[in-house]
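Accompanying notes for the structure given below.
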Amino acid sequence: MISKTYWTILEHANRELAQRFEKAKKARASGDARGIQQAEMDYFQALQRLIDDVQNAVADPNRENRL
């Protein structure tokens, strides 16, 4: 079972990813190539952070027990 600490971390990462996705959608709708590129980069970075957080949570599910 994932610890409360990791659950909070994953919750935050998911929220950030959703926000970045919405910004990317708005940028694509605007048609601004530079804005699209930046928004997509931000989205992919948020996605990578979420993936990293999930891997950490799975590898060390009881983190809060040692804090």
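Go through (1) charged (D, E, K, R); (2) in contact (Cβ under 8 Å) with a residue 60 or more places away in the chain; (3) buried (at least 16 other Cβ atoms within 10 Å of the Cβ) for K4 and report which single condition fails.
Condition not satisfied by K4: (3).
Filter the range 54-67 down to residues that are surrounded by fewer than 16 Cβ atoms within 10 Å (Cβ to Cβ) and either assigned to a helix (DSSP H, G or I) or under 16 Å from the mean Cα position of the chain (by Cα) (or both), then give me how many there are.
7
Of the conditions (1) farther than 21 Å from A59 by Cβ; (2) surrounded by 15 or more Cβ atoms within 10 Å (Cβ to Cβ), Q19 satisfies every one except a single condition; which number is it?
Among (1) farther than 21 Å from A59 by Cβ; (2) surrounded by 15 or more Cβ atoms within 10 Å (Cβ to Cβ), the lone unmet condition for Q19 is (2).
Only one residue in I51, I2, I36, I9 is within 9 Å of the chain's Cα centre (by Cα) and among the β-branched types (V, I, T). Which one? First the steps, then the outcome.
Details: I2 fails: within 9 Å of the chain's Cα centre (by Cα); I36 fails: within 9 Å of the chain's Cα centre (by Cα); I9 fails: within 9 Å of the chain's Cα centre (by Cα).
Just one listed residue meets the conditions, I51.
For the range 16-56, name all the residues that are charged (D, E, K, R) and over 24 Å from M1 (Cβ atoms).
R20, E22, K23, K25, K26, R28, D32, R34, E40, D42
Considering (1) surrounded by fewer than 15 Cβ atoms within 10 Å (Cβ to Cβ); (2) part of a helix (DSSP H, G or I); (3) among the hydrophobic types (A, V, I, L, M, F, W, C), say which one A39 fails and leave the rest.
Failed condition: (1).
Bear in mind that the values in this text are calculations on the coordinates, not laboratory data. No experiment lies behind these values; they were computed from the predicted model shown. We place every Cβ from the backbone using ideal geometry, glycine too, and count neighbours over all the protein chains shown.
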